[in-house]
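S.K.: Here's a structure for you.
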Amino acid sequence: GVEESPGETIIYQGRKFKSYRGMGSIEAMQKGSKDRYFQDTEDDIAKLVPEGISARVPYKGTLNEVIYQLVGGLRAGMGYCGAKNLEALSKAKFVKITNAGMNESHPHDVTITSESPNYSR
């Protein structure tokens, strides 16, 4: 979740998250969405049948910061392919690698001590 997305920013176990609530969740139904699920006549919360969830997603910062990282990743990938522009990138050859190769291309046998804003396993 980014700063601009709906939902409350919360801290859970020392980390920032954005709360997410699907319209079919119990919490949303309590706030008025139960009519969408043909349960608008039900006042007993225990009898509501949820069709969605409430959850939290990792907080990523502002949308501008996320887009900046995505563009940086795109530029890096273009460099690996030798593509000077998006048209050249569309002609680049895609090479499959094995799961072992994928694991080897990530940090391994170490404990990451400083998190990077654009890396998650």
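What follows draws every value from the coordinates through simple rules; no lab data is involved. Note that this is a predicted model, so its numbers are computed, not measured. So basically every Cβ, Gly included, is an ideal-geometry build from the backbone, and we count neighbours across all protein chains shown.
S.K.: Please list, ordered by first then second residue, the pairs with beta carbon atoms under 7 Å, 6 or more apart or interchain, first in the stretch 75-93 and over 22 Å from residue 118 (Cα atoms), second part of a loop (DSSP other than H, G, I, E, B) and of a type in the set (A, V, I, L, M).
M.R.: What qualifies is 92/83.
S.K.: Let me ask something else. Looking for something farther than 26 Å from residue 121 by Cα and touching a residue at least 24 places away in the same chain (Cβ under 8 Å) - is there at least one such residue anywhere in the stretch 42-51?
M.R.: Scanning the stretch 42-51, I find at least one residue that is farther than 26 Å from residue 121 by Cα and touching a residue at least 24 places away in the same chain (Cβ under 8 Å), so the answer is yes.
S.K.: Could you pull out the residue among 4, 87 that is touching a helix residue (DSSP H, G or I) at 6+ places or on another chain (Cβ under 6 Å) and either within 24 Å of residue 120 (Cβ to Cβ) or among the acidic types (Asp, Glu) (or both)?
M.R.: Among 4, 87, only 4 is touching a helix residue (DSSP H, G or I) at 6+ places or on another chain (Cβ under 6 Å) and either within 24 Å of residue 120 (Cβ to Cβ) or among the acidic types (Asp, Glu) (or both).
S.K.: Which one of the conditions (1) touching a strand residue (DSSP E or B) at 6+ places or on another chain (Cβ under 9 Å); (2) exposed (fewer than 14 other Cβ atoms within 10 Å of the Cβ); (3) more than 15 Å from residue 1 (Cβ to Cβ) does residue 12 fail to meet, given that it meets all the rest?
M.R.: Checking residue 12 against (1) touching a strand residue (DSSP E or B) at 6+ places or on another chain (Cβ under 9 Å); (2) exposed (fewer than 14 other Cβ atoms within 10 Å of the Cβ); (3) more than 15 Å from residue 1 (Cβ to Cβ), the one that fails is (3).
S.K.: Further question: Got a sec? Which of 18, 60 is surrounded by 11 or more Cβ atoms within 10 Å (Cβ to Cβ), touching a residue at least 40 places away in the same chain (Cβ under 8 Å), in contact with a helix residue (DSSP H, G or I) (Cβ under 9 Å, 6 or more places away or on another chain) and within 29 Å of residue 115 (Cα to Cα)?
M.R.: Working: 18 fails: in contact with a helix residue (DSSP H, G or I) (Cβ under 9 Å, 6 or more places away or on another chain).
Of the residues listed, the single one that is surrounded by 11 or more Cβ atoms within 10 Å (Cβ to Cβ), touching a residue at least 40 places away in the same chain (Cβ under 8 Å), in contact with a helix residue (DSSP H, G or I) (Cβ under 9 Å, 6 or more places away or on another chain) and within 29 Å of residue 115 (Cα to Cα) is 60.
S.K.: Let me ask something additional. For the structure I just gave you, tell me whether residue 103 is over 30 Å from residue 11 (Cα atoms) and part of a helix (DSSP H, G or I).
M.R.: yes
S.K.: Could you tell me which numbered condition residue 83 fails, if it satisfies all but one of (1) surrounded by 11 or more Cβ atoms within 10 Å (Cβ to Cβ); (2) aliphatic (A, V, I, L, M); (3) more than 16 Å from the chain's Cα centre (by Cα); (4) not in a loop (DSSP other than H, G, I, E, B)?
M.R.: Looking at each condition in turn, residue 83 falls short on (4).
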